[in-house]
Each structure stands twice: as C-alpha cells, then as structure tokens.
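Asker: Please read through the structure below; I'll follow up with questions.
The values are calculated or read from the model by the stated rules, or taken from the named source; none is laboratory data. Note that the structure is a prediction, hence the values are computed from the model and not measured. Cβ coordinates were reconstructed from backbone atoms using ideal geometry, including for glycine residues, and neighbour counts include every protein chain displayed.
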C-alpha cells in the first residue's frame with residue numbers, strides 16, 4: 001500500500017517509491033528501493049524535498065537495534081550467539097512453513113521474510129562469527145529447511161565482505177532463503193531418496209531452479225536480482241551448470257554468490273545419501289573449483305571471511321589435544337582461537353581457550369592446528385562443546 005509521508009517521518013527500513021508532484025516544474029523521481037540507514041536517506045533525497053511516497057508492504061521501519069549497522073556496534077561472540085540461535089530457529093520454522101505452503105499450492109508472499117532477513121543482517125554486523133557458527137552448529141535434522149536458512153546467512157556474510165550495501169544485502173538474503181523453493185514442486189520420493197538418483201530422477205531434480213523462479217515470479221514486487229539468483233544458483237562459471245547454461249560475467253552477482261555458499265553448505269551438511277565433510281575440506285574443494293565451477297573472486301572472498309578453519313571446526317592440535325575453533329583470525333588465518341576440550345586420547349578435561357596467534361606463558365610457542373576432523377566420525381556434537 002502506497003502512502004505519502006513527510007520526509008521527517010521517513011525512517012531507515014522504509015521502502016521509498018518516489019518523490020515529486022508529477023508536474024512539469026516538479027516531475028516524479030522514482031527510487032524504488034528500501035533505504036536502510038540515515039546515510040542512505042540523505043544520499044537518495046535532495047535536501048529541499050518535503051514529502052515522499054512509500055510502499056508499506058515492501059518495507060517497515062527498523063528497530064533501534066537494527067539501525068546504524070554501518071557503525072561500530074559489534075558485540076562479543078558469547079553475547080550474540082544466543083540471539084543468532086533464536087533467529088536461526090525462527091528461520092527454520094519459517095522455511096518449513098513456506099515450503100509446505102508451496103507444496104500445497106498456496107501462493108508465496110516473499111515480503112513476509114523481510115523482517116527475518118533484516119535481523120540476519122543486523123546479527124552479521126554485530127558478530128559475524130556468531131552468525132557463521134550457527135549455520136555450522138545446527139541442531140535440526142531437516143536438511144531442506146536448514147539449508148535454506150544456512151544459504152541465506154552465508155550469502156549475507158559473503159555479501160557484506162564483498163562490500164554490498166544494506167539494501168542489496170536484504171535482496172541477497174531473500175534470494176538465499178528462497179533459492180531452493182522450487183524443490184517444493186519436486187516429488188518427495190525423489191527429493192528424499194537415500195540412494196543415487198537415476199538419470200530420469202536427476203533430470204526432474206534439475207528443474208527446481210526454474211520451478212523456484214516460477215513460484216516467486218507469481219508474487220508481487222519481487223526484485224529481478226532475486227529471481228535471477230534463484231534460477232541461476234546451479235549455473236557454473238564455465239557454463240556447464242543448469243538450467244540455462246549461462247557462464248562468466250553473464251551470471252548475476254547474486255547467482256555467483258549463491259553458487260559458492262550453496263555448495264559449501266551442501267558439502268558440510270549430513271544428507272540422506274551422504275555424510276558431511278569438514279569445513280576446511282569443503283573450502284579446499286571450492287578453491288579447486290574456482291574459475292571452472294565458481295567465480296574465483298567470490299571463492300577467495302568466501303575463504304577469507306570464513307577463515308581456513310571456520311568457526312565451529314573440530315581440530316587436532318600439534319600437541320595432540322582436540323578443540324573447537326571459536327573465532328577466526330583474519331590477519332593470520334592458520335592461527336584462530338581454539339577451545340581445547342579433549343586430551344590426546346580424546347578424554348574430556350576442563351576446557352581452556354588458546355589464541356594460536358599469541359605467545360602465552362606455559363604453552364609451547366609453535367602450537368598449531370595439525371588437522372581438521374569431521375566430528376561425525378567420532379559421534380561428537382560440537383554444539384555441546386562450543387560454550
């Protein structure tokens with residue numbers, strides 16, 4: 001619903017449609033975007049503008065906690081973790097609802113996701129490691145719903161590190177959340193098949209990007225970049241993807257971002273037909289595929305922001321002890337902060353935190369990570385060890 005308001009009433013988070021009176025002397029100037037901060041409002045509107053038209057269905061004022069994301073309002077990992085955990089749970093529940101609604105033939109209104117995506121963005125700005133760790137330490141078994149959530153979060157993290165503005169981050173988060181919505185139109189016996197798909201079944205599975213495009217296109221006001229990201233997230237940089245065989249710079253930026261984070265999350269997730277692999281090994285596979293499967297710049301940016309050993313990785317140190325990576329070190333990616341929880345014989349002992357980049361009294365100076373281990377091989381729930 002469009003409404004004319006005074007510029008003094010305009011708040012971050014509102015979707016501005018246009019300003020001007022529509023006369024020869026004062027023609028309409030169309031903006032058609034959500035202004036996410038006071039700085040964006042100042043940049044988008046001339047100082048002499050008194051009124052603007054906003055669309056209340058496409059935007060809403062941000063809460064105090066969501067405003068000023070470009071400011072230095074970061075918080076500690078332990079403070080943000082429970083907030084991110086609650087958001088994650090809400091997002092998985094929402095994904096379950098919209099996927100089941102689409103399966104039943106109900107129309108999808110993407111605008112319902114905007115508050116949730118905005119909260120993701122705010123959480124990432126407050127503490128990127130907390131948001132990233134939630135996607136690793138998930139406690140849900142329903143891959144389809146957790147995967148939608150994880151891809152949205154990881155896409156926002158990568159987008160932030162690529163320097164995207166907040167209005168673009170919102171669109172990217174929406175694209176991530178709905179990137180697999182077309183799977184709601186895939187028969188469940190194919191979607192959840194525990195074994196290898198036949199050629200016929202795989203061809204049916206490959207229709208889900210285009211089906212997702214159709215689902216979203218049926219809604220009102222969906223942005224073209226979101227649609228492009230959804231339909232192209234299985235395209236590959238060398239043109240060998242599907243469904244359209246688009247390649248290189250012809251792919252949308254959202255498509256190239258989603259391609260990276262989608263594969264990363266799929267590799268590090270337990271599926272009905274395969275076990276998960278360690279995050280560091282998944283990153284190595286992405287790096288090997290840069291230039292062929294993935295945009296090299298986006299792969300390298302993703303590895304840089306996730307760290308060589310992403311938060312939540314279960315590692316063995318050169319001293320023989322085992323621990324969980326609790327924070328990354330952008331300047332020294334091989335030396336993150338690790339919470340040591342087991343001795344060399346995998347026996348639990350009082351946890352202690354070590355920063356591998358710092359020399360500490362009583363600790364061997366060259367202590368390093370010897371290996372990144374898949375905790376599933378040891379039937380270890382890393383989420384129980386994190387704090």
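Asker: Out of everything in the range 313-331 that is part of a loop (DSSP other than H, G, I, E, B) and more than 22 Å from the chain's Cα centre (by Cα), what residue ends up being nearest to residue 384 (Cα to Cα)?
Answerer: Top of the filtered list is 321.
Asker: Check off (1) at positive phi; (2) touching a helix residue (DSSP H, G or I) at 6+ places or on another chain (Cβ under 6 Å); (3) modelled with pLDDT of 90 or more for residue 312 and give me the number that stays unchecked.
Answerer: (3)
Asker: Going by the structure shown, is residue 170 in the same structural domain as residue 265 (by TED's automatic domain parsing), modelled with pLDDT of 95 or more and touching a helix residue (DSSP H, G or I) at 6+ places or on another chain (Cβ under 9 Å)? Steps first, please.
Answerer: Details: in the same structural domain as residue 265 (by TED's automatic domain parsing): yes; modelled with pLDDT of 95 or more: no; touching a helix residue (DSSP H, G or I) at 6+ places or on another chain (Cβ under 9 Å): yes.
So residue 170 does not fit the description; no.
Asker: Only residues that are within 14 Å of residue 319 (Cβ to Cβ) and loosely packed, with under 15 Cβ neighbours inside 10 Å: list them for the range 329-345, please.
Answerer: Selection gives 343, 344, 345.
Asker: If you don't mind, there's one more thing I want to ask. With the structure loaded, tell me whether residue 372 is within 26 Å of residue 275 (Cα to Cα), over 20 Å from the mean Cα position of the chain (by Cα) and buried (at least 20 other Cβ atoms within 10 Å of the Cβ) or whether it fails that test.
Answerer: yes
Table: residues versus (1) buried (at least 18 other Cβ atoms within 10 Å of the Cβ); (2) touching a residue at least 40 places away in the same chain (Cβ under 8 Å).
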residue: 267; (1), (2): yes, no
residue: 273; (1), (2): no, yes
residue: 294; (1), (2): yes, yes
residue: 300; (1), (2): no, no
residue: 303; (1), (2): yes, no
residue: 312; (1), (2): yes, yes
residue: 318; (1), (2): no, yes
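Asker: Another one. Can you find a residue that is surrounded by 24 or more Cβ atoms within 10 Å (Cβ to Cβ), assigned by TED's automatic domain parsing to the domain that holds residue 301, farther than 25 Å from residue 324 by Cα and touching a helix residue (DSSP H, G or I) at 6+ places or on another chain (Cβ under 7 Å) anywhere in the range 96-115?
Answerer: no
Asker: Can I ask one more? Spot the failing condition for residue 383; the list is (1) within 32 Å of the chain's Cα centre (by Cα); (2) at pLDDT 80 or above; (3) outside any strand (DSSP E or B), and only one is missed.
Answerer: Exception for residue 383: condition (2).
Asker: Please verify whether the range 348-359 includes one or more residues that are closer than 25 Å to residue 275 by Cα, at pLDDT 90 or above and crowded, with 16+ Cβ neighbours inside 10 Å.
Answerer: no
Asker: Right, here's the next one. For residue 189, work out the one condition from (1) in contact (Cβ under 8 Å) with a residue 24 or more places away in the chain; (2) assigned to a helix (DSSP H, G or I) it doesn't fulfil.
Answerer: (1)
Asker: Cβ contacts < 7 Å: first residue farther than 20 Å from residue 56 by Cα, restricted to the range 13-24; second residue surrounded by fewer than 20 Cβ atoms within 10 Å (Cβ to Cβ) and modelled with pLDDT of 85 or more, any location; separation 6+ or different chain. Result?
Answerer: Short answer, once both residue conditions are applied: 22/28.
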